[in-house]
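A short write-up of the structure that comes next.
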Amino acid sequence: MTETNHHKRRTSDLLKEIAHTPDNGSITVGKFVEMLGDRSFALSILIFSLPNSLPVPGIPGFSTLTGVPILLIAMQIVFGRQSIWLPQKVAEKTFSQAVITKIVHKALPVIKWLERFIKPRVSMICESWGERLMGALIFTMALILTLPIVGGNFLPGFSISLMALALLENDGIFAIFSMLFALASVYVMYEIIYFVIGTAIRWTLGVF
């Protein structure tokens, strides 16, 4: 499942190619995944995580729309599938292709900067059980991503993007860093959710 045919091409080159794909207006999730072809599970995950990886106001409901495909794709990484499958209900969801293109253009400078430090090394971490472990972490972060938490999409989205980038570039060292960042993000999100729920309970008890 790790990139093979395209592993010599940088992630930024693949993203540029996607950004320059002719805009056909709205596109379904299934068609978009089909358009990515056999490039990799990681590239699909990166594309769907990018809208949530930028510290800018998100489109209401967009984190759920992009989070569900990531959940399904990550689960398939864990179980070692060789090709992406999406249920019809998810595959038929539509979004604006122009939005993805705009987000890719915004993310490219960051991706290019990160590529200065990323290179194929200790690749065994990005293969076999290492890849499945990252798939499980991506699944966990995507689960958080789908929750209706105001402003809560950046940390899980950015964590997912880092792990996908590590898989695409076959960089085991960066993979370790990205997994540690994801674990730290889980802790931070737990504290935020705990605080929000605790505050809501105390407020409710105070009212009644």
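No lab work stands behind these numbers, since they all come straight from the coordinates. Being a predicted model, the structure only gives us computed values, none of them experimental. A quick note on method: Cβ atoms are made from the backbone with ideal geometry, for glycine too, and the neighbour counts reach across all protein chains shown.
State to the nearest 20 debye the size of the charge dipole of region 11-207 about its Cα centre, where the only charges are +1 on K and R beta carbons and -1 on D and E beta carbons.
Result for region 11-207 is approximately 240 debye, rounded to the nearest 20.
Over the chain, what relative contact order in percent results from Cα pairs under 8 Å that are six or more residues apart?
Dividing the mean separation by the residue count of the chain yields 30 percent.
Can you list residues from other chains, or at least 5 along the same chain, whose modelled amide H is less than 5 Å from the amide H of K93?
Those qualifying (amide H under 5 Å, at least 5 residues apart or on another chain) are V29, G30.
Per DSSP H run of n ≥ 4, the term is -39500 (n - 2.57); total these for the chain, divide by its residue number, and report the mean residue ellipticity at 222 nm rounded to 500 deg cm²/dmol.
Per the formula, -21500 deg cm²/dmol.
Using per-residue counts of other Cβ atoms within 10 Å, averaged over each peptide, order 136-149, 176-189, 116-129 from highest down.
136-149, 176-189, 116-129
Tell me, what HN-Hα J-couplings in whole Hz come from the Karplus equation 6.51 cos²θ - 1.76 cosθ + 1.60 at θ = phi - 60° for each residue of region 161-175, using x for Gly and Pro?
For region 161-175, the Karplus curve yields 4, 5, 5, 5, 5, 4, 5, 5, 8, 6, 9, x, 5, 5, 4 Hz.
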